[in-house]
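The values are calculated or read from the model by the stated rules, or taken from the named source; none is laboratory data. No experiment lies behind these values; they were computed from the predicted model shown. Don't worry about glycine lacking a Cβ; one is built from the backbone with ideal geometry, like all the others, and counts go over all protein chains shown. Quick note on the areas: whole protein, heavy atoms, side chains included, nothing else; ligands and nucleic acids left out. Shrake-Rupley method; radii C 1.70, N 1.55, O 1.52, S 1.80 Å.
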Amino acid sequence: ASPAEASSEARGPSDRPDVVLITIDTWRADRLGLYGSPRPVSPFLDRLSDEAVVFDRALATASWTWPSMVSIATGLSSSQHGAISTDRVLSDSAWTVAEAFSAAGYRTAFFGWNSYLCAAGNGYTQGFDAWRCEGASGEQLVDRIANEPAPQDPSAPLFLHVHLFDPHCPYSPP
């Protein structure tokens, strides 16, 4: 069973919900139908926004992925967490959202791609039970997630972070 299927089958309706964090590399809000774009490039997200929690005033803490994603993971500004260049790693002492969910009894998994997030030894894996970095399209990645076995105890709720890369222009990572 997929992580979502396994967790919904194992838990009753009154238990803690699964939590899915979807981050999309370099996608500007004004390019979404939800925020007025006339181009039909985000029909699923536009429909999902009717039922989901939407943060209309969220701002990136930096102009590029690595420090911005570390801020999302820790709740700290770039100047506080210090991961402001590719040679600066996330400190083991930083408390991440994945570690918080893990401490609360959640299974934790990351699926996605970005060369900075997926760089070995950068500290971003803190708190994740399952970690899959794959340079796949969003559609391929979501298909893989749906077919991936659930990490650890399927009766525990799931925190899933999915990082999609499709809107990013092609580049040669360092």
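Within the range 99-118, track down each residue that is touching a Ser or Thr at 6+ places or on another chain (Cβ under 9 Å), at pLDDT 90 or above and within 18 Å of residue 65 (Cα to Cα). Scanning the range 99-118 gives 110, 112. Pairing each residue of the range 146-157 that is under 15 Å from residue 127 (Cβ atoms) with any residue that is acidic (Asp, Glu) and modelled with pLDDT of 65 or more, provided the two are 6+ apart or on different chains, yields C-beta distances under 6 Å for 151/129; 152/129; 157/18. The residue pairs whose first member lies in the range 43-62 and is of a type in the set (Ser, Thr, Tyr), whose second member is at pLDDT 85 or above, and whose beta carbons are closer than 7 Å, counting only pairs six or more residues apart or on different chains, are 49/34; 61/67; 61/68; 61/71; 61/77; 61/78.
The helices (runs of 4 or more DSSP H) falling completely within the range 55-174 that include 3 or more residues that are under 26 Å from residue 44 (Cβ atoms) map to 65-74, 97-103, 138-147. Do you know which of the residues in the range 13-42 that are touching a residue at least 60 places away in the same chain (Cβ under 8 Å) and in a loop (DSSP other than H, G, I, E, B) is surrounded by the most Cβ atoms within 10 Å (Cβ to Cβ)? Taking the candidates together, the pick is 25.
Going by the structure shown, is residue 43 in contact with a helix residue (DSSP H, G or I) (Cβ under 6 Å, 6 or more places away or on another chain), at pLDDT 85 or above and not small (Gly, Ala, Ser)? It is false that residue 43 is in contact with a helix residue (DSSP H, G or I) (Cβ under 6 Å, 6 or more places away or on another chain), at pLDDT 85 or above and not small (Gly, Ala, Ser).
Taking the range 60-86, which residues are open to solvent by 50 Å² or more (accessible area, probe 1.4 Å) and either touching a helix residue (DSSP H, G or I) at 6+ places or on another chain (Cβ under 9 Å) or closer than 14 Å to residue 124 by Cβ (or both)?
If the condition is that a residue be open to solvent by 50 Å² or more (accessible area, probe 1.4 Å) and either touching a helix residue (DSSP H, G or I) at 6+ places or on another chain (Cβ under 9 Å) or closer than 14 Å to residue 124 by Cβ (or both), then 60, 61, 72, 75, 76, 80, 84, 86 are the ones that fit.
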